[in-house]
Amino acid sequence: MAMPHPTPAPTTLGQRLAHRMAERSMHAAELARRAKTTEATISNWLNDNVQLAHVKAMQLFNIANALEIDPQYLLTGEAPKAAKVHEPGAEYGSQELKRETLTLAIQLATEADDALRERGRTLPPSKRAELAMLAMELLQEGLPKAKVLRFVVSAAA
């Protein structure tokens with residue numbers, strides 16, 4: 001019994017587009033309507049009558065969205081690389097360390113409020129909370145306490 005040959009991976013924009021249209025059982029007219037473009041554009045893409053460097057970004061995104069496919073893959077055939085996103089404080093540190101940093105941030109916000117009181121001004125609770133959050137972010141970034149305090153006092157002024 002002969003084994004069926006696996007279908008080769010699509011190598012051109014037109015092949016990837018045709019492959020995905022077949023997977024989604026979508027004809028050119030339907031894709032054009034959903035992607036807010038013309039059938040002529042879809043035909044040009046299917047027949048590889050477009051230079052990749054000249055593909056319009058909005059057309060690419062509209063067509064990719066209509067087909068529920070990644071635009072980078074559709075255009076180049078390459079899977080998108082996972083973006084490494086770093087958010088301050090997103091690390092999994094110990095709760096004790098976070099508590100200490102938060103306590104210090106609140107103390108610095110209180111010191112900033114005290115410095116303003118000496119000048120005859122007071123901060124509403126919402127502003128003190130903002131200062132504490134700012135102090136915590138700066139401390140997590142590794143800034144020295146004295147610099148954070150100066151920054152928080154000037155931000156409060």
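Below, the figures for the structure above:
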{"item": "Inter-site label distance for TYR73 and LEU104 at 7 Å from Cα along Cβ, in nm", "result": "4.5"}
{"item": "Probe 1.4 Å, all protein chains present, accessible-area order of LEU116, LEU143, largest first", "result": "LEU143, LEU116"}
{"item": "Order by protection proxy (mean Cβ within 10 Å, highest first), peptides 121-133, 98-110", "result": "98-110, 121-133"}
{"item": "Total formal charge among the other residues, if their Cβ is under 11 angstrom from that of ARG20, Lys/Arg +1 and Asp/Glu -1", "result": "-1"}
{"item": "Per residue solvent-accessible surface (Å²) - the stretch 106-157, probe of 1.4 Å", "result": "63"}
{"item": "Residue-count net charge about LEU149 - beta-carbon cut-off 12 Å; Lys, Arg +1, Asp, Glu -1", "result": "0"}
{"item": "Charge context of ALA115, other residues only, Cβ under 14 angstrom, K/R +1, D/E -1", "result": "+2"}
{"item": "For the stretch 130-138, Karplus couplings with θ = phi - 60° (6.51, -1.76, 1.60), whole Hz, Gly/Pro x", "result": "4, 5, 5, 5, 4, 4, 4, 4, 5"}
{"item": "Spatial separation of Cα centroids for the stretch 110-157 and the stretch 13-58, in angstrom", "result": "55"}
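The values are calculated or read from the model by the stated rules, or taken from the named source; none is laboratory data. Treat the numbers as computed from the prediction; the structure is a model and nothing was measured. Here the Cβ is made from the backbone with ideal geometry for all residues, glycine too, and neighbour counts use every protein chain on show. Note: accessible area is taken over every heavy atom of the protein model, side chains too, but ligands, DNA and RNA are not part of it. Shrake-Rupley method; radii C 1.70, N 1.55, O 1.52, S 1.80 Å.
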